[in-house]
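A.B. asks: Below you'll find the structure I mean.
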Amino acid sequence: MDNSTVQNMAQNVRHYFDHDAAKKALKEKYEAKLLFAHGNGMWRAGPKLISTLRLWKLNEMVLVDEYGNPCKVDRPELEREAIMRWQEQMNAWYQEYESLRKER
């Protein structure tokens, strides 16, 4: 193998490594933005929380937050906030991911 082939292969490996690192950083950025305060607790917007909230029909209920604390919440309000936060962050994440993917 000549030197230019080795250098080209090394550049490709660096490029893919940089892309994977950027993708991982993007994921961490948006996962952190899914955390929000509501009532007396901290919640992570996502399918698990949204499904739990949709399953129950009570207006007021007690749930365990991200830090293991039981919190009395207004279920419809927490559900609206979780859905809104989830959708905003997923849309933003998708837009940034598509930009990153096009650079590749």
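A.B. asks: Output the residues belonging to segment 67-83 that are closer than 24 Å to K57 by Cβ and either without any contact (Cβ under 8 Å) to a residue 12 or more places away in the chain or within 13 Å of the chain's Cα centre (by Cα) (or both).
C.D. replies: Matches in segment 67-83: P70, R80, A82, I83.
A.B. asks: Residues in segment 94-104: is at least one over 15 Å from the mean Cα position of the chain (by Cα), touching a residue at least 12 places away in the same chain (Cβ under 8 Å), under 18 Å from A25 (Cα atoms) and outside any helix (DSSP H, G or I)?
C.D. replies: Yes; the residues of segment 94-104 include at least one that is over 15 Å from the mean Cα position of the chain (by Cα), touching a residue at least 12 places away in the same chain (Cβ under 8 Å), under 18 Å from A25 (Cα atoms) and outside any helix (DSSP H, G or I).
A.B. asks: Can you name every residue in segment 52-76 that is surrounded by 11 or more Cβ atoms within 10 Å (Cβ to Cβ), within 23 Å of E31 (Cβ to Cβ) and not β-branched (V, I, T)?
C.D. replies: The answer is L53, R54, L63, D65, E66, N69, C71.
Each reported figure results from applying straightforward, stated rules to the coordinates on display, with no laboratory input. Keep in mind that this is a model prediction, so the values were computed, not measured. Cβ: placed from backbone, ideal geometry, glycine included. Neighbour counts: every protein chain shown.
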